[in-house]
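Structure first, commentary second.
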Amino acid sequence: MALIEETRFENAGLRVSEATPGDYLALLKPRVMSLVVFTAFVGMVTAHAPVNPVIAVFSILAIAVGAGASGALNMWYDADIDAVMSRTASRPVPSGRVAAREALAFGLVLSALSVMTLGLVANWLAASLLAFTIFFYAVVYTMWLKRWTPQNIVIGGAAGAFPPMIGWAAVAGDVSLYGIVQFLIIFLWTPPHFWALALFKSGDYQRAGVPMMPNVAGEASTKRQIFAYSIPVAAVAVVPTLIGAASLAYGLFAAALGAAFVWYAWKVLRMDEADRGMRAAKMLFAYSVFYLFAVFAALLADGIVGRAGGIW
Amino acid sequence: MSVMEDENGMERKGVEMTAAQKKARRSRNVAIGLSLAALVALFYIITLVKFGPAILNRPM
């Protein structure tokens, strides 16, 4: 117990941490984790594969921890730019509550633990996809794309789009067309979602030196690109019905949601340059969060009904 | 940095932890303990679910 009870350090230069468990939880980006858990769960349910509920719950847990680990690695690497952005300045590393190397160690340990656990609990295909997702987010997106190109979130968005495929693979042991469509729904949604945010937070990104679309290509170009993306975003959400994986009711619901997405993107396109409040961009950002949740909730409901009725 | 005496009356230089630091460390210790206990339970349950009684049915 000596190590536990010791309250004195020989090295006077040693930094004594005041980090609480809540700070380490914050490193995992709980809000992103909740989206990962939800979409991975939808992937599992729509796979329509027989699975032990305990295995399913622990697989989801492993996927969530893996996603959180990549968040911790992101916060370790991005502490310098997080510190100058209002949205991220209070994160544990830039605020000094957690040391950068602690965040790195935390992220690495949890990455290894989550991948190993998913491999043992579910299968190694799902574990490999999880490992690739962590690598893609932490290395390809965070270390490479984010500071280099305004296409950062276009390509990097793949990291956030993998969870339904991982959930699918965890229970079905394979990757299917329907799983890939669920990937595409999130992948195509990511650019207009983040560019809407970047429009009204462009000052933050400018200060941090992050080449987001508005401060590289300009607001007018970003608005056009948001609108251009909104059309495939709306279209791809209907594809599950077109390939026979979801019901017509889902297809109609998704089409209505998609039409509203295009409408909000159109409002952003028509937004006056003098409008610095950027209400339309804020509205699109808020709606995009609701949109993704609603589409996946509908896929989930459709999957449960289809499973119960053995219809599709 | 402060100068303190250890249990043998020897002077030692060191950092006296504040109440906030002690409290934070205690909460981290509790969280680590709970996490380890959860991991033990997790792998125990996974073993039962994946192998069932067959885990005992093997040549010695």
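Taking other Cβ within 10 Å of each residue's Cβ, how do A:MET75, A:MET283 sort, fewest first? Before the final figure, lay out the partial values.
Details: A:MET75 26, A:MET283 15.
Result, fewest neighbours first: A:MET283, A:MET75.
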(message) Take chain A, mark every one of the trypsin sites (Lys or Arg not before Pro) that falls in a DSSP loop and has at most 12 other Cβ within 10 Å, then report the longest stretch left between them, sites excluded.
(response) A:88-269
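First select every other residue whose beta carbon is under 12 angstrom from the beta carbon of A:PRO192; then total the charges, Lys and Arg +1, Asp and Glu -1. Walk me through the numbers before you get to the answer.
On the way: positive: A:LYS223, A:ARG224; negative: none.
Cβ neighbours under 12 Å give a net charge of +2.
Could you give the Stokes-Einstein D for the protein assembly as shown in µm² per second, using the C-alpha Kirkwood radius, 20 °C, 1.002 mPa s?
93 µm²/s
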(request) Extending each Cα 7 Å along its Cβ direction at A:SER90 and A:LYS282, get the distance between those two points in nm, one decimal. (result) 1.8 nm
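Under the Kirkwood approximation for Rh and a Cα-based Rg, what ratio Rg/Rh is obtained for the stretch A:107-146? Don't skip to the end; give the middle numbers.
Working: Rg = 10.8 Å, Rh = 10.3 Å.
Result: Rg/Rh = 1.05.
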(request) Give the calculated FRET efficiency between B:LYS23 and B:ILE45 to the nearest 0.05, with a Förster radius of 25 Å applied to their Cβ-Cβ distance. (result) 0.15
(message) Taking the alpha-carbon distance from A:LYS29 and a cut-off under 19 Å, which lysines remain once sequence neighbours fewer than 8 residues away in the same chain are dropped?
(response) A:LYS146
(message) How would the stretch A:249-300 be classified by its alpha-carbon gyration tensor: rounded, prolate or oblate, with rounded meaning a/c under 1.5 and the a/b versus b/c comparison settling the rest?
(response) oblate
(request) Straight distance only, please: which lysines reach the Cα of A:LYS223 with their own Cα at less than 17 Å, same-chain residues fewer than 8 apart left out? (result) A:LYS201, A:LYS267, A:LYS282
(message) Amide H of B:GLU16 versus every other amide H placed in the peptide plane: which residues, excluding those fewer than 5 positions away on the same chain, fall under 5 Å?
(response) B:SER2
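Let me check I've understood the local charge: for A:TYR287, count other residues with C-beta under 15 angstrom from its C-beta, Lys and Arg +1, Asp and Glu -1. What total comes out?
Numbers: positive: A:LYS267, A:ARG279, A:LYS282; negative: none.
Neighbour charge sum, excluding A:TYR287 itself: +3.
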(request) Determine ³J(HN,Hα), in whole Hz, for all residues of the stretch A:125-133 in sequence, where each value follows from phi through the Karplus function 6.51 cos²θ - 1.76 cosθ + 1.60 and θ = phi - 60°; x replaces Gly and Pro. (result) 5, 4, 5, 5, 5, 5, 4, 5, 4
(request) Sum -39500 (n - 2.57) across every DSSP H segment of at least 4 residues in chain A, then divide by the residue count to get the 222 nm mean residue ellipticity, nearest 500. (result) -23000 deg cm²/dmol
(message) Kirkwood Rh and Cα-based Rg: tell me the resulting Rg over Rh for the stretch A:215-307, rounded to two decimals.
(response) 1.08
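Pull out a ≥ b ≥ c, the square roots of the eigenvalues of the alpha-carbon gyration tensor of the stretch A:26-167, then state rounded if a/c is under 1.5, prolate if not and a/b is larger than b/c, and oblate in the remaining case. Please report the intermediate quantities before stating the final value.
Details: a/c = 2.17, a/b = 1.72, b/c = 1.26.
Note, shape of the stretch A:26-167 comes out prolate.
Throughout, read-outs are computed from the coordinates displayed, never taken from laboratory work. The structure displayed is predicted, hence computed values, not measured ones. FYI the Cβ positions are ideal-geometry reconstructions off the backbone, even for glycines, and counts take in every protein chain you see.
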